[in-house]
Amino acid sequence: MTEFVLQDLKRLLKSCAGVDEAVDLDGPVADTSFGDLGYDSLALFELLGRVRREYGVDLPDDALTETSTPKVAVDVIGGRIARSGG
Amino acid sequence: MSRTAVITGIGVVAPGGVGRENFWALLTEGRTATRSISLFDATGFRSRIAAECDFDPAEHGLSPQEVRRMDRAAQFAVVGTREAVLDSGIALDRVPPHRIGVSIGSAVGCTMALEREYVVLSDGGQRWNLDHGYAVPHLYGHMVPSTLAVEVAWQVAAEGPVALVSDGCTSGIDAVGHGAQLIADGAADVVLAGATDAPLSPITSACFDAIRATSPRNHDAEHASRPFDAERDGFVLGEGAAVLVLEERGAARARGARVYGELLGFASRSNAFHMTGLKPDGREMAEAITAALARARRNPDDVGYVNAHGSGTKQNDRHETAAFKRSLGDHAYRVPVSSIKSMVGHSLGAIGAIEVAACALALDRETVPPTANLRTRDPECDLDYVPLTAREHRADTVLSVASGFGGFQSAMVLGRGDAA
Amino acid sequence: MLPDTTIAFTGLGVIAPTGSSLEEHWASVLKGRSGIGPITRFDPTPYPVRLAGQVTDPAVAEAVPGRLVPQTDWWTHMALVAAQEAVRDAEVDPAALPEYEMAVVTASSSGGTEFGQREIERLWRDGPDHVGAYQSIAWFYAATTGQLSIRYGMRGPCAVLAGEQAGGLDALGHARRLARADCRLVVTGGTDASLSPYGLVAQLPTGLLSTVDDPDRAYLPFDVNASGYLPGEGGAVLIAEELGAARARGRADGYGVLLGYAAGFDPPPGSTRPPALERVLGEALRDAGLGPSEVDVVFADAMGVPGPDLAEARAISAVFGPRGVPVTAPKTLTGRLYGGGAALDAVTALLALRDGVVPHTVGPERLAPGCDIDLVVDRPRELPLRHAVVLARGYGGFTSAVVLGRAAPTS
């Protein structure tokens, strides 16, 4: 069973989308929206692409938006991985 | 004394038929040239449709060496140039070479050749360090987009200012605007201005797939490009070129040239907001329109036709509709607005020049091309988009706009060629 | 000439093999310190060209905003950092100026070469769904202008001009055009980064690159042993302000002003007509309202290829007389930077005007027959400088010239 936790999300974000200078991604960001963390729609497409390539699961294009939070993303991505039997 | 550029020759290579008259027939009959991709095997891609040109370079007079040397985008530009020069009737050998200029736009340059040769050099993407023993002689010409302007310059033996304008999807309209500026500045008397793009290769399709920008309506390619329609789901890639002969108005009249239209005003603005995103208020595009009208000394009410960017993404169509209302006021509801991308697709940088060509023909032939596939109204897009059928309509002033990655917004105002 | 018809350069930024700041670059140029060395960005051993001018300072990469690193190519990274220096140097706050009166015009020649190669490799090795979302905004030639426009909130008429090595001067000419219309400030110049395997391999068939393996002897423009040029990366960003606007905020004429610009194109291959350079040079001087005797230094295109070198030397001699003006080519320290090359030459020329010193050309020892020019070699030459000419030629026939002045004419 593959786990997907907040640390995994942060790792993917850092490597595929970078980090805004004004943001401490290692701080308490689980409930901050992606938009406020400096991540736009392209960053989220990039994130979903990385999830697909690393975890082999496909999520719908609108699974995450700039108003979603890392906590929601972990639930959505983790849930999808769990359902795929990863 | 101000110098105004006028259009005296038009050459078009567009999906649905090569040549100006085939292009105009497609537009006025409201036919669509979008279809399943045949230029490469699109299996495994999200969007597998495009507006392709049925283009045989040899049939259009390109020699074997020209075919080998030129990327498809260059071939389009050269064929368009030859048609435009012929159409204008201008004797270029009587123009001093240093008074002939070139301004060609392209968003992605020689992408097809670059990708094709990369696949060979890397043996199918298997090696980062490439095998230069397989490099073709003109490979560097594919790497630099400026080659597209070089090829056009060579066609007409231009020795004046030569520019390759690469502003993404506003490249075409911007290149025509730049060409008109060269004439206004007195830097040239004749300018070959236009744009070309041939992006239909796997890397282009894949990169637009990755951001979900192109339409996945693969089962219904013919109706996939649906600007302003409630059921639109992205743009459809296209390819092609348009090249115009621009001359100084007085000189064109003195030689008795047929004038399709006058380039009265051009302006561009940037949203400085996002590389791909648009704010729904259309503010910067409206600014560009207002500035172009001011330069043209025209009022919003003078605009008799608007050639929209109309890419068929939800974001664009709403942004643009807002921009027309913001810049033209109530007149936006009265003026016919249409998107030829519904028929010839979105050829990135080329389409802006193709659209200016369509505007010149619309002025000259007093007919407005329709927006094909517009069957279901989007309540947020509530203007007169000339659905499905072309309309006989005499306009004295037309407006063409473009919007592109980078946040660039451009607008051009054209007037009738027979204006006093 | 009316003072409101030209532009002053009020801020400069440099990222080049000679240094990752304006003053570091200038110090290297005056000391003749070369940035040419073995290619380290990838393994060059399979190729006949193994030397280049690289930007290796790790501080450059560190200065790129974190969110922009993964979504832009190295070519854009360098432009972002150079622009940061230029804006700071100009002491301008873009947020305080009218948004539609600021624009960005850059030159680009090969776009996001390394980024593009990586994504095409993924596509062909792993499949279309391995292409990243940022390919759509990183590879195309307008990426740098777009990112700079966003970063500084500049909503005026932005543009990109590609003319290979001549593009940088065309960008300056376009900046002046915009200033004459409706822009008070234009971020201009350019960078390029062709040092990926594809970027280098694509250039090999031109036969214009030097295959000499000695970094000190490989790129020798105007020399009897000229054997081609070396590729380089980097460039420069300039803040161009409409002269009245610059003076109004107390920047006087900045580092100098653009007095003249002209562009032309060589006749097609096989023509018996002469190349465009001599005519374009003459047009630029006329545009500046200057006679040849008022020009104090020429920054040459200096391709390092015998035929083009001779053609350039003859054009310079035809306008200024044999050995009639000091000529220099500091680009032997960086290699040719394509979209960034002419912009960097213009910056170097502005620094020369500022300090009254013509930097020397490192490398050439003996002029090739027919190259009857006063090439400044061995050491910088101190001279009172009023006006400088910069020449540039781009692959295929692009030919541009600018005339820069220490200050705008007072009359």
Could you list, in sequence order, all residues of the stretch C:238-261 that are in contact with a Ser or Thr (Cβ under 7 Å, 6 or more places away or on another chain) and open to solvent by less than 20 Å² (accessible area, probe 1.4 Å)? C:Leu238, C:Ile239, C:Ala240, C:Glu241, C:Leu243, C:Ala246, C:Val257, C:Leu258, C:Leu259
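Starting from residues that are assigned to a helix (DSSP H, G or I) and within 14 Å of another protein chain (Cβ to nearest Cβ), keep the ones in the stretch C:55-76 and report whichever is most open to solvent (accessible area, probe 1.4 Å). Working first, answer last.
Here is the first cut: in the stretch C:55-76, the ones assigned to a helix (DSSP H, G or I) are C:58-62, C:74-76.
If we keep only those that are within 14 Å of another protein chain (Cβ to nearest Cβ) as well, we get C:61-62, C:75-76.
On the way: C:Ala61: 55, C:Glu62: 145, C:Trp75: 2, C:Thr76: 1 Å².
Among them, the one singled out is C:Glu62.
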Check the stretch B:131-141 and report whether any residue there is within 21 Å of C:Ile120 (Cα to Cα), touching a residue at least 40 places away in the same chain (Cβ under 8 Å) and under 23 Å from the mean Cα position of the chain (by Cα). yes
Total residues in the stretch C:325-354, condition crowded, with 23+ Cβ neighbours inside 10 Å and part of a loop (DSSP other than H, G, I, E, B): 4
Of all the residues that make up the stretch B:144-170, how many are in a loop (DSSP other than H, G, I, E, B) and closer than 24 Å to B:Met412 by Cβ? 7
Only unsatisfied item for B:Tyr305, checking (1) of a type outside the set (A, V, I, L, M); (2) crowded, with 24+ Cβ neighbours inside 10 Å; (3) closer than 27 Å to B:Gly109 by Cα, is (3)
Residues satisfying the stated conditions in the stretch B:45-92, i.e. more than 22 Å from the chain's Cα centre (by Cα) and polar (S, T, N, Q): B:Ser63, B:Gln65
Any residue at all in the stretch C:355-367 that's within 22 Å of C:Trp26 (Cα to Cα), within 14 Å of another protein chain (Cβ to nearest Cβ) and either touching a residue at least 24 places away in the same chain (Cβ under 8 Å) or surrounded by fewer than 24 Cβ atoms within 10 Å (Cβ to Cβ) (or both)? no
Residues of the stretch B:79-116 classified as in a helix (DSSP H, G or I), within 11 Å of another protein chain (Cβ to nearest Cβ) and crowded, with 23+ Cβ neighbours inside 10 Å, total: 3
In the stretch C:77-186, which helices (runs of 4 or more DSSP H) lie fully inside it and hold 1 or more residues that are surrounded by fewer than 24 Cβ atoms within 10 Å (Cβ to Cβ) and within 8 Å of chain B (Cβ to nearest Cβ)? C:113-126, C:143-152, C:167-181
Given the criteria closer than 20 Å to C:Ile373 by Cβ, assigned to a loop (DSSP other than H, G, I, E, B) and in contact (Cβ under 8 Å) with a residue 12 or more places away in the chain, does C:Pro322 qualify? yes
Say whether the condition of being over 11 Å from the mean Cα position of the chain (by Cα) and over 23 Å from C:Gly111 (Cα atoms) is met by at least one residue in the stretch C:389-397. yes
Taking A:Glu46 as meeting all but one of (1) within 19 Å of C:Val131 (Cα to Cα); (2) modelled with pLDDT of 95 or more, write down the number of the exception. (2)
Write out, first by first residue and then by second, each pair whose Cβ atoms fall under 6 Å of each other, whose residues are 6+ apart or on separate chains, and whose first residue, in the stretch B:161-182, is more than 7 Å from chain C (Cβ to nearest Cβ) while the second is hydroxyl-bearing (Ser, Thr, Tyr). B:Thr170/B:Ser410; B:Ser171/B:Ser106; B:Ile173/B:Ser410; B:Ala175/B:Ser103; B:His178/B:Ser103; B:Gly179/B:Ser103
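Looking for whichever is touching a Leu at 6+ places or on another chain (Cβ under 6 Å), β-branched (Val, Ile, Thr) and either at pLDDT 90 or above or open to solvent by less than 50 Å² (accessible area, probe 1.4 Å) (or both) here; the options are A:Val74, A:Val51, A:Val57. Which one fits?
On inspection, the qualifying residue turns out to be A:Val74.
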Pick from the stretch B:117-143, criterion part of a helix (DSSP H, G or I) and of a type in the set (Val, Ile, Thr), ranking: surrounded by the most Cβ atoms within 10 Å (Cβ to Cβ): B:Val119
Which count do you get for residues in the stretch C:119-149 that are closer than 20 Å to A:Leu13 by Cβ and out of contact with any Gly (no Cβ under 9 Å at 6 or more places or on another chain)? 2
Search result, residues across the stretch B:144-159 that are crowded, with 24+ Cβ neighbours inside 10 Å and either facing chain C (nearest Cβ under 7 Å) or on the phi > 0 side of the Ramachandran plot (or both): B:Val144, B:Pro145, B:Ser146, B:Thr147, B:Val150, B:Ala153, B:Ala158, B:Glu159
Cβ pairs under 7 Å, 6+ apart or interchain, first in the stretch B:370-384 and farther than 22 Å from B:Asp330 by Cβ, second hydroxyl-bearing (Ser, Thr, Tyr) and surrounded by fewer than 24 Cβ atoms within 10 Å (Cβ to Cβ), ordered by first then second residue, are B:Pro370/B:Thr389; B:Ala372/B:Thr32; B:Asn373/B:Thr32
Which one of these is away from chain B (no Cβ under 13 Å) and either more than 22 Å from B:Leu148 (Cα to Cα) or out of contact with any strand residue (DSSP E or B) (no Cβ under 7 Å at 6 or more places or on another chain) (or both): C:Leu204, C:Leu238? C:Leu238
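Scanning the stretch B:341-382 for residues that are of a type in the set (Lys, Arg) and open to solvent by 10 Å² or more (accessible area, probe 1.4 Å), which turns out farthest from B:Gly234 (Cα to Cα)?
Applying the first criterion (of a type in the set (Lys, Arg)) to the stretch B:341-382 yields B:341, B:365, B:375, B:377.
Cutting the leftovers down to open to solvent by 10 Å² or more (accessible area, probe 1.4 Å) gives us B:365, B:375, B:377.
Numbers: B:Arg365: 31, B:Arg375: 16, B:Arg377: 16 Å.
Only one residue fits best here, namely B:Arg365.
Condition check: free of Cβ contacts under 8 Å to residues at least 60 places away in the same chain and of a type outside the set (A, V, I, L, M, F, W, C). Does C:Pro70 satisfy that?
Details: free of Cβ contacts under 8 Å to residues at least 60 places away in the same chain: no; of a type outside the set (A, V, I, L, M, F, W, C): yes.
Answer is no for this residue.
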If you take the residues of the stretch A:18-31 that are crowded, with 16+ Cβ neighbours inside 10 Å and farther than 24 Å from B:Gly406 by Cβ, which of them is farthest from the other protein chains (Cβ to nearest Cβ)? A:Val29
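The values are calculated or read from the model by the stated rules, or taken from the named source; none is laboratory data. The structure displayed is predicted, hence computed values, not measured ones. In this analysis, Cβ positions are derived from the backbone assuming ideal geometry, glycine residues included, and neighbour counts consider all displayed protein chains. The area values use the complete protein model at the heavy-atom level, side chains included, leaving out ligands, DNA and RNA. Shrake-Rupley method; radii C 1.70, N 1.55, O 1.52, S 1.80 Å.
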